[in-house]
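Visitor: First the structure, which I've put down as structure tokens, then a few questions once you've had a look.
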Amino acid sequence: DDLYRITFEEYSNGSDARETIKTKKLRAGAGQSAISQNAIIPVKNGIMYITNEKTLTWLTSIENVFTPQSLPISDPIKNDFDMFNFTGASGIFFENALWLAIPAENLVYVYDFDKALWQTPFTIPVMGFSIIKNETTQMNYLYGHSNSVNETYKLNDGLDDNGVNIEFIASFAYRQYGDRGVLHQFDEYFNELYMSVSTTVTCTHNYEYQGAELQIVKTIAGSDTGLQF
């Protein structure tokens, strides 16, 4: 439940040099401490960490406020966080984004600081990250370490997963087009997307909530030349 801030101060008295450790308890409620050491991530002018309440919190300093402030970052995706098992979770700050690995769920969540939003989650089975500089290009690249085998993957590199197609899901909100009590009819549905010739899209139409009335599944193949412009 508790959070502490530890500072180190050096002082000298003639030839006697010493270091003093000071510990200050921060204001926090029940369940507000980090779930583990790996779940604490240095970010900009503060730290982010996953609490025992399954909340991603940013502990940082705000201008003209001289005590650390706790800011919840995971509120927009709270429903997801509440369901997750965060055992072994860890993260890293890279290219102005927070990369959060949730190995028990085989998921990676990314918070984009430029746009102040959560990106679509990645289905990537990693347990941690490393930033490695390429000796030739002198550029830093992000790598993920597998949570099941002795492998490391270079992320953000290419459009497939070691030659295997990447699966993705795009979910849209339920649409009732006006008064729910009025009968609505249509005989055509329009899809527009960018896709490669090797991509196959399965489009599922749910009539009524979660398809309670009817569910129709259509397949869109990128190899169909009639769909290309």
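The values are calculated or read from the model by the stated rules, or taken from the named source; none is laboratory data. These numbers were taken from a predicted model, which means no experiment stands behind them. Because the Cβ atoms are built from the backbone with ideal geometry, glycine has one as well, and the counts that use them run over all protein chains shown. Surface accessibility is based on the protein's heavy atoms, side chains included, excluding ligands, DNA and RNA. Shrake-Rupley method; radii C 1.70, N 1.55, O 1.52, S 1.80 Å.
Visitor: Could you list, in sequence order, the residues of the range 198-209 that are more than 15 Å from Ile166 (Cβ to Cβ) and at pLDDT below 85?
Guide: Once the filter is applied, which keeps residues that are more than 15 Å from Ile166 (Cβ to Cβ) and at pLDDT below 85, the range 198-209 yields Tyr207, Glu208, Tyr209.
Visitor: All but one of (1) part of a loop (DSSP other than H, G, I, E, B); (2) at pLDDT 80 or above hold for Val65, so report the exception by its number.
Guide: In the conditions (1) part of a loop (DSSP other than H, G, I, E, B); (2) at pLDDT 80 or above, Val65 misses (2) alone.
Visitor: Another one. Examine the range 132-139 for a residue that is surrounded by 11 or more Cβ atoms within 10 Å (Cβ to Cβ) and among the β-branched types (Val, Ile, Thr), and state whether such a residue exists.
Guide: yes
Visitor: Additional query: Can you go through Ile6, Ile21, Ile47 and tell me which one is open to solvent by 40 Å² or more (accessible area, probe 1.4 Å) and under 22 Å from Ile92 (Cβ atoms)?
Guide: One residue alone meets the criteria, Ile47.
Visitor: Report yes if some residue within the range 160-182 is farther than 27 Å from Val108 by Cα and surrounded by 10 or more Cβ atoms within 10 Å (Cβ to Cβ); otherwise report no.
Guide: yes
Visitor: Now for a separate question. Are any of the residues in the range 207-222 among the polar types (S, T, N, Q), in contact with a strand residue (DSSP E or B) (Cβ under 9 Å, 6 or more places away or on another chain) and surrounded by 10 or more Cβ atoms within 10 Å (Cβ to Cβ)?
Guide: Checking the range 207-222: at least one residue is among the polar types (S, T, N, Q), in contact with a strand residue (DSSP E or B) (Cβ under 9 Å, 6 or more places away or on another chain) and surrounded by 10 or more Cβ atoms within 10 Å (Cβ to Cβ).
Visitor: Spot the failing condition for Phe86; the list is (1) modelled with pLDDT under 90; (2) within 14 Å of the chain's Cα centre (by Cα); (3) under 21 Å from Asp2 (Cβ atoms), and only one is missed.
Guide: Answer for Phe86: the failing condition is (1).
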